[in-house]
Every structure is written in structure tokens, then in C-alpha cells.
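These notes concern the structure reproduced below.
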Amino acid sequence: MRNLGIDPEKDCVCTPNQINRYQRKISGPILDRIDLYVEVPHIKYEKLTDEKIEGSSEEIRQRVEKARKIQLKRFENENINTNSEMNIPMIKKYCETDEQGNKLLRNAVNNLHLSARGFHRILKLARTIADLEENLNITSHHIAEALQYRPKTEI
């Protein structure tokens with residue numbers, strides 16, 4: 001096994017079956033408990049040492065702090081502090097979506113075969129994305145972004 005199609009500058013010599021077998025080494029129930037899947041491409045040395053920085057750490061820290069304050073205020077009468085801690089009744093209370101968001105979720109459940117855990121995780125993640133944007137409402141945009149953090153279908 002080498003590359004597994006990760007490095008765009010190198011041809012992967014693995015068959016699709018070999019890649020699939022490698023990716024299935026972690027069981028589905030374990031994968032179902034991982035909230036975010038982010039594919040991180042290989043970064044060249046020149047990019048790592050480039051002095052141009054897109055979005056400073058300080059700006060990102062401020063956005064996260066604002067989102068955390070929003071969550072603390074939301075849950076001040078609950079026994080939790082963050083969206084990730086929400087139970088099902090809380091998800092129903094705090095994660096309402098617009099009609100387009102509901103439609104997108106319905107399609108995702110039917111086409112991606114989301115488990116109940118996966119469905120609720122998408123809603124909690126969409127709530128967090130909306131909080132990062134300081135948006136009170138979860139929209140289809142937030143649902144779509146949350147769905148993009150799901151594993152690839154071949155996993």
C-alpha cells in the first residue's frame with residue numbers, strides 16, 4: 001500500500017478494492033462515533049514556510065470564543081455547556097432548521113443511510129457552524145457544511 005490516492009502528484013497504484021479494504025479496517029460503529037472527517041492534503045515545504053497567512057489564529061480564536069459564549073448562554077438553564085453535549089430532547093429544542101434544511105436532511109438520511117446517531121451529530125454540528133457565524137437559525141447552508149464532514153462513502 002502506498003499513497004492511497006492522497007497525494008495528487010503521485011499516482012496511486014492500489015486497486016479500488018485494496019483502498020476500500022484498507023479503509024474498512026476501522027469498524028462502522030467506531031467510525032459512526034467520529035464527528036468530523038477532514039481530509040488534509042499533503043502540504044509542500046514552500047507553503048509551510050510562506051509568510052502569507054490566511055486568517056490569523058487570533059481571528060479564529062475570537063470566532064470560537066464568541067461561539068462558546070453563545071452556547072454558554074443557550075445552555076445556562078441546562079446541565080451542559082456545549083452543543084456536542086446535547087441529548088435528543090435538547091437537539092429538538094435547539095436545532096430546528098428551515099424548510100430547505102429539513103429537505104436536505106431528509107435526502108441525506110435516505111441517500112446516505114445515516115444512523116440515528118449520525119443524524120443527530122449532523123444537527124449538533126450544524127448548530128455549531130451556525131454559532132460560529134453568529135446565526136440564530138440553522139439553515140440549509142449549515143446542514144450542507146455539516147454533511148461535508150461525513151466520511152467518504154467508500155469508508
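Every condition in (1) part of a helix (DSSP H, G or I); (2) out of contact with any His (no Cβ under 6 Å at 6 or more places or on another chain); (3) surrounded by fewer than 20 Cβ atoms within 10 Å (Cβ to Cβ) holds for I91 except the one numbered (2).
For every residue, the table says whether it meets (1) over 25 Å from F75 (Cβ atoms); (2) surrounded by 13 or more Cβ atoms within 10 Å (Cβ to Cβ); (3) not charged (D, E, K, R).
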residue: K103; (1), (2), (3): yes, yes, no
residue: R106; (1), (2), (3): yes, no, no
residue: L112; (1), (2), (3): yes, yes, yes
residue: G118; (1), (2), (3): no, yes, yes
residue: T128; (1), (2), (3): no, yes, yes
residue: L132; (1), (2), (3): no, yes, yes
residue: N137; (1), (2), (3): no, no, yes
residue: E145; (1), (2), (3): no, yes, no
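Scoring I70 on the criteria (1) under 30 Å from G28 (Cα atoms); (2) surrounded by 12 or more Cβ atoms within 10 Å (Cβ to Cβ); (3) not charged (D, E, K, R) leaves a single failure, condition (1). Selection within the stretch 14-43: residues that are surrounded by 10 or more Cβ atoms within 10 Å (Cβ to Cβ) and more than 30 Å from F119 (Cα to Cα). The member of this set that is modelled with the lowest pLDDT is H42.
The values are calculated or read from the model by the stated rules, or taken from the named source; none is laboratory data. Since we're looking at a predicted model, the values are computed, not measured. Cβ coordinates were reconstructed from backbone atoms using ideal geometry, including for glycine residues, and neighbour counts include every protein chain displayed.
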